[in-house]
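Report on one structure; see the data block that follows.
Readers should treat all values here as calculations from the given coordinates under stated rules, not as data from a laboratory. Note that the structure is predicted; figures quoted are calculated from it, not measured.
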Amino acid sequence: MESVITAAGKGTRANLPRNMRKEMLPVYSVRDNKIVLRPVIDVIINKLSNAGIDKFLL
């Protein structure tokens, strides 16, 4: 199964530092029963992978 993840643009309306991409914003996630900070794109791919998605298009 395939998934399309939109990850484009510069994020100018998000008021982020110039060198930070929206996809790399850190979010809290639970991994191995521990709360960790992960990039949002990693969390999205991990959740979709756990749901059975095996191909990702960014």
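Taking the helices alone, the chain has a mean residue ellipticity at 222 nm of -5500 deg cm²/dmol, built from -39,500 (n - 2.57) per DSSP H run of at least 4 residues and averaged over all its residues. Using a Gaussian network model of the chain in which every pair of alpha carbons under 10 angstrom is joined by a spring, one finds that among Pro17, Pro26, Pro39 the greatest mean-square fluctuation is at Pro17. Less than 5 angstrom separates the built amide H of Val27 from those of Arg38, Val40, all sequence-distant by 5 or more or on a different chain. By the Cα gyration tensor, the chain has an equivalent ellipsoid whose semi-axes, rounded to whole angstrom, run 22, 17, 6 from largest to smallest.
Taking 0.36 nm per residue of separation and subtracting the current Cα-Cα distance, fully stretching the chain between Asn50 and Ile35 would add 3.6 nm.
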